[in-house]
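Worksheet: one structure, shown below.
The values are calculated or read from the model by the stated rules, or taken from the named source; none is laboratory data. Computed from a predicted structure; not experimentally measured. FYI the Cβ positions are ideal-geometry reconstructions off the backbone, even for glycines, and counts take in every protein chain you see. Ligands, DNA and RNA are stripped out before the accessible areas are found, and what is left, the full protein with its side chains, is counted by its heavy atoms. Shrake-Rupley method; radii C 1.70, N 1.55, O 1.52, S 1.80 Å.
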Amino acid sequence: MELFFNPFDNLLCILLGISFTVWFTLLLVFIIVPAIFGVSFGIRRLYMKTLLKVFEWATLRIERGAKEKNHHLYKPYSNAIIAKEPTSLEEEIKEIRRSGSNKDLDSAPEFEMSDIFYFARRGVESIMDDEVTKRFSAEELESWNLLTRSNYNFHYISLRLTVLWGLGLLIRYGFLLPLRVTLAFTGVGLLVFLTSVIGLLPNGRMKNFLSEKVHLMCYRICVRALTAIITYHDSENKPKNGGLCVANHTSPIDVIILASDGCYAMVGQIHGGLMGVIQKSMVKACPHIWFERSEVKDRHLVAKRLSDHVEDKSKLPILIFPEGTCINNTSVMMFKKGSFEIGATVYPVAIKYDPRFGDAFWNSSKFGMVNYLLRMMSSWAIVCSVWYLPPMSREEGEDAVQFANRVKAAIARQGGLVDLLWDGGLKRAKVKDTFKEEQQKLYSKMLVGTQEDRSRS
């Protein structure tokens, strides 16, 4: 019996050995070596163009099938649900009083029960058309990208469309996912090993040179693990040593997207586990800035560490995401002022993802990091554009908040994003009492007038 199974076992081992050899040879020749030298064969862009044609056909087929079966198609709204005209609180309340009362509106202002309807209506409008909360959910698509997670119209339309979806599922989970996981482990493993080795070298030009080459190579391998297709614009404005690179924040992979085109000093909190191992190895080869959990809330300590770094013009530019949380690729929210107080030259960067190939937004309140990475690696691709904007400095008489808002407006304008004044911290925190008090002050001012009005009367 043993002799009968031996030839079969040997054949199976030989076939497995050949498969693994071919697999890793293809990885080495077509992905890892090009990543080392920063070249591309154009395979990913050809893949992207092919996908666009398939998506277009699938969307047209859904629309045609819906018309034949009289199904209502869900269409995501791109603008606000409720049409609003820019009117003041006083004007709106006067309009409500005019429509429901015969009193003289020019008489002395006083409280009326009908005023409640204004605040009730505004409250309902805020719930129905919340411009803050919807920034923390996935961006909706007009077309279907053959992912059930991104389509509200997913139901049986035709056999051809179902077969195409099943084929796409097989390609994504049977071929692309194993390939991407292999590349991710390769990139992270090389990063940890090589940065640890470089950390043993004495400080100097050779160490800095090797560190930059290793970081670029490993990040480019990780970019290929996501099948990321990135278009960089205006590279002459790339951040320079001693500066601050400030970008909008959609996903944790923003770091990989930017670091695959240039080296940066990272800023962040020290973590445990695998992330902690990566951080410890990286800081041996490059002066990244990691903080203990107890130090993060110490604004003065953080500002001093950042100032000391940017004063040394030989050190890499610092990469910062001043929103402090991930926003869903449609807008830019309030920038924290801390990084704009240290007086360094700011290099704004706008990042805009194409959601048709995969949703890069990380909803951290809904998905853990492992779940999120699985969704990224099982998507078709990550396609994005990066714009390097001209450097900006704080103007005379401009405080840190005004400077932060000016940088944020430039990023939003270039990336085609909505510029919002709201704090991204509202993702997990309650609205500050100051916002409520502002509305109360406006209403009381309408009723009792200003101090000047009372003195005149």
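Across the range 371-395, the qualifying residues are those that are under 18 Å from the mean Cα position of the chain (by Cα) and open to solvent by 20 Å² or more (accessible area, probe 1.4 Å), and the one among them that is farthest from D359 (Cα to Cα) is W387. For the range 378-406, the set of residues classified as touching a Gly at 6+ places or on another chain (Cβ under 7 Å) and within 30 Å of V54 (Cα to Cα) consists of S379, W380, A381, I382, W387, listed by residue number.
Taking the stated definitions as given, is I278 modelled with pLDDT of 80 or more, under 20 Å from K207 (Cβ atoms) and open to solvent by less than 30 Å² (accessible area, probe 1.4 Å)? It is true that I278 is modelled with pLDDT of 80 or more, under 20 Å from K207 (Cβ atoms) and open to solvent by less than 30 Å² (accessible area, probe 1.4 Å). Residues that are open to solvent by 40 Å² or more (accessible area, probe 1.4 Å), at pLDDT 65 or above, not aliphatic (A, V, I, L, M) and not in a helix (DSSP H, G or I) within the range 407-429 comprise G416, D419, W422, listed in sequence order. Listed by first and then second residue, the pairs linking a residue in the range 11-27 that is in the same structural domain as V181 (by the TED database) and among the acidic types (D, E) to a residue that is open to solvent by 70 Å² or more (accessible area, probe 1.4 Å) and at pLDDT 80 or above, with Cβ atoms under 7 Å apart and 6 or more places separating them unless they lie on different chains, form an empty list.
Take the residues in the range 198-215 that are open to solvent by 30 Å² or more (accessible area, probe 1.4 Å) and within 29 Å of the chain's Cα centre (by Cα), then tell me which one is nearest to L176 (Cα to Cα). It comes out as K213.
In the range 45-61, the qualifying residues are those that are at pLDDT 80 or above and in contact with a Ser or Thr (Cβ under 8 Å, 6 or more places away or on another chain), and the one that is most open to solvent (accessible area, probe 1.4 Å) is E56.
Would you say L306 is farther than 24 Å from L226 by Cα, among the aliphatic types (A, V, I, L, M), surrounded by fewer than 21 Cβ atoms within 10 Å (Cβ to Cβ) and assigned by the TED database to the domain that holds N237? Taking the combined requirement at face value, the residue does not satisfy it.
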